[in-house]
Amino acid sequence: MLETLLFPVIASFFTALGMKILEWNKDKATIKSTEIDNEIKSATFYQNLLDDMSKRLEESIVAIEKRDLRIKERDDRIEHLIEEMEILTGELRKYKQLNGKQE
């Protein structure tokens with residue numbers, strides 16, 4: 001009678017123990033899987049941030065180059081106007097000298 005009661009209890013105990021061990025392993029695997037998923041999401045998030053930052057950096061560089069080109073064009077125009085002004089000033093001096101000599 002003891003055997004008929006003891007064997008099922010021992011078998012149930014070991015079965016429950018085995019199931020608990022499998023459950024712990026499953027929980028560990030689930031936790032590890034969740035951690036990996038979170039790391040993947042985090043890596044994707046930061047990669048998207050870097051991609052966005054690199055795109056913004058490129059756009060800023062292009063905008064700065066355009067601005068520098070406009071500034072260079074303005075500087076060239078100013079230099080040209082200064083040269084014209086010097087030429088016209090010289091011509092005005094010549095005109096004044098001619099008028100002064102005639103009188």
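Report whether or not Glu58 is under 12 Å from the mean Cα position of the chain (by Cα) and surrounded by 10 or more Cβ atoms within 10 Å (Cβ to Cβ). Spelling it out, Glu58 is indeed under 12 Å from the mean Cα position of the chain (by Cα) and surrounded by 10 or more Cβ atoms within 10 Å (Cβ to Cβ). Would it be correct to say that Asp51 is acidic (Asp, Glu), modelled with pLDDT under 85 and surrounded by 10 or more Cβ atoms within 10 Å (Cβ to Cβ)? Criteria not met by Asp51.
The values are calculated or read from the model by the stated rules, or taken from the named source; none is laboratory data. Everything numeric in this text was worked out from a predicted model, so none of it was measured. Backbone-built Cβ (ideal geometry, glycine too); neighbour counts: all protein chains shown.
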